[in-house]
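So the structure is just underneath, and the comments pick up after that.
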Amino acid sequence: MTDFSANEQTIQKAGHEAGMGDYFALLKPRVMSLVVFTALVGLLVAPVPVHPFLGFVAILCIAVGAGASGALNMWWDADIDAVMKRTASRPIPSGRVAPGEALGIGVALSGFAIVLLGLATNFLAAGLLAFTIFFYLVVYSMWLKRATPQNIVIGGAAGAFPPMIGWAVATGGVSIESVLMFALIFMWTPPHFWALALFVKSDYGRAGVPMLTETHGRDATRRHVIVYTLLLVPVALGLGLTSIGGPFYMAVAVVMNAWFLKGAYDIWQRDDAACEADKHAVEIKVFKVSLYYLFAHFGALLVEAALRLYGLGGWSW
Amino acid sequence: MVIRVEHELHTRRKGRNAGVGLLLVGFIAIVFGLTVVKVLQLDDIRQFETFDHAPRPQLVPETEVGQ
């Protein structure tokens, strides 16, 4: 069998040949955008300036590393993706990209991103990126996702590492600031995700993935939303007291945390009848607030860093 | 002799090939840029000039060698 004939058979089977767009879709570009934003903030708020080109390469490596872990996740979860309506059209279950190709792309891009980040910046940042990819693939995708309804809590750590990597790129170390940026995303992920799970009809159950709404019920999920939001508040406010915080960040954090907490309280007070009556209006609103919440906090950190350039940021002026 | 398309695969994969080509050009640009930035960030450029996989002390001015 020649390479040409093998390719023709593949095309006949899938009815479509993979283009660059299909390979790009393997990298989960929407997830990548959040990773790029938070990593960029981690890099820019650090007290050590980074050469713009090195900063660009570092962010590119972090984005490629995130994309690679997305491709590896799609390779591992192809069976789940094929069952669920939302994910059935992804490149692997739809037959546009072979599983082996996704694995190859994921492994190659992971190696490329880790090695280049290490050579361009430092090996602590590269090590953190390698650990993030390992965590997302092995700890979250292979282990927790199908084993426990708390999968999103621990697995959320993978999405929380980017600002810590950005900080490590600039400083070559880990500090209270980068740990709190990590903790902010880590604690934000559960209420954000469960607010979504309360109004989206998912078929995770059919795919054999335990989700809190299905294993413990919607009331338990509402309790989890309020508890995790309460735990999130001190982390968000604590970040404002560090060297990268300041009055502007603190003002934004107080407003956003009050808004998010009010939304989580409203969710907690509701029952299924109320949700059906207004078609999950509160849950949808809280989910949107959660998106603004993260963007506002990291945006405020950027503003503080910009103000510091003029001697205005932070608590010292 | 004119080079001709030998198989429809060439036209079918044109987009993919162009994409791979662009990625390779981008990779070269990144490695080149990194090299320039890293060299310019050396405190003393002679550290680079006097090291060609093996130390070359003959490139260091005599006054400094004697010091």
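Quick notes on this structure:
- Residues in the range A:81-103 that are open to solvent by less than 30 Å² (accessible area, probe 1.4 Å), touching an Asp or Glu at 6+ places or on another chain (Cβ under 7 Å) and among the aliphatic types (A, V, I, L, M): A:84, A:92, A:97.
- Helices (runs of 4 or more DSSP H) fully within the range A:78-138 that include at least 2 residues being over 21 Å from residue A:158 (Cα atoms): A:78-83, A:99-120.
- Selection status of residue A:288, without any contact (Cβ under 8 Å) to a residue 24 or more places away in the chain, assigned to a helix (DSSP H, G or I) and closer than 21 Å to residue A:35 by Cβ: yes
- Pairs are defined by a Cβ separation below 8 Å, a sequence spacing of at least 6 or placement on different chains, a first member in the range A:264-284 that is open to solvent by 70 Å² or more (accessible area, probe 1.4 Å), and a second member that is β-branched (Val, Ile, Thr); the pairs so defined are A:265/A:226; A:268/A:225; A:268/A:226.
- Single unsatisfied condition, residue A:297 versus (1) part of a helix (DSSP H, G or I); (2) open to solvent by 10 Å² or more (accessible area, probe 1.4 Å): (2)
- Checked against (1) under 23 Å from residue A:177 (Cα atoms); (2) assigned to a loop (DSSP other than H, G, I, E, B), residue A:279 passes all but condition (1).
- Top-ranked residue in the range A:67-119 [being without any contact (Cβ under 8 Å) to a residue 40 or more places away in the chain and among the polar types (S, T, N, Q); ranked as farthest from residue A:129 (Cα to Cα)]: A:89
A quick yes/no check of all residues on (1) open to solvent by 90 Å² or more (accessible area, probe 1.4 Å); (2) more than 19 Å from residue A:116 (Cα to Cα); (3) at pLDDT 70 or above:
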position	(1), (2), (3)
B:13	no, yes, yes
B:16	no, yes, yes
B:28	yes, no, yes
B:33	no, no, yes
B:39	no, no, yes
B:50	no, yes, no
B:55	yes, yes, no
B:63	yes, yes, no
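- The residues on offer are A:66, A:58, A:39, and the sole one that is crowded, with 20+ Cβ neighbours inside 10 Å and within 25 Å of residue A:211 (Cβ to Cβ) is A:66.
- Selection from the range A:163-185 of residues that are surrounded by fewer than 20 Cβ atoms within 10 Å (Cβ to Cβ) and either within 17 Å of the chain's Cα centre (by Cα) or part of a helix (DSSP H, G or I) (or both): A:176, A:179
- The C-beta contact set for the range B:6-20 (first residue within 10 Å of chain A (Cβ to nearest Cβ), second residue small (Gly, Ala, Ser), distance under 6 angstrom, 6+ apart or interchain) comprises B:15/A:19.
- Which numbered condition residue A:210 fails, given (1) open to solvent by less than 30 Å² (accessible area, probe 1.4 Å); (2) farther than 26 Å from residue A:37 by Cα; (3) at pLDDT below 95; (4) out of contact with any Lys or Arg (no Cβ under 8 Å at 6 or more places or on another chain): (4)
- Matching option when the condition is touching a helix residue (DSSP H, G or I) at 6+ places or on another chain (Cβ under 7 Å), at pLDDT 95 or above and buried (at least 17 other Cβ atoms within 10 Å of the Cβ), among A:228, A:204: A:228
- Test: residue A:41 is modelled with pLDDT of 95 or more and closer than 30 Å to residue A:242 by Cβ: yes
- Residue under evaluation residue A:114, criteria (1) within 14 Å of chain B (Cβ to nearest Cβ); (2) modelled with pLDDT of 95 or more; (3) open to solvent by 10 Å² or more (accessible area, probe 1.4 Å); (4) closer than 28 Å to residue A:301 by Cβ, criterion not met: (1)
- Scanning the range A:13-55 for residues that are within 13 Å of another protein chain (Cβ to nearest Cβ) and either more than 27 Å from residue B:11 (Cβ to Cβ) or touching a strand residue (DSSP E or B) at 6+ places or on another chain (Cβ under 7 Å) (or both) yields a total of 7.
The values are calculated or read from the model by the stated rules, or taken from the named source; none is laboratory data. None of the values given here were measured: they were computed from a predicted structure. Cβ sites come from the backbone with ideal geometry, for glycine too, and all protein chains shown count toward neighbours. Quick note on the areas: whole protein, heavy atoms, side chains included, nothing else; ligands and nucleic acids left out. Shrake-Rupley method; radii C 1.70, N 1.55, O 1.52, S 1.80 Å.
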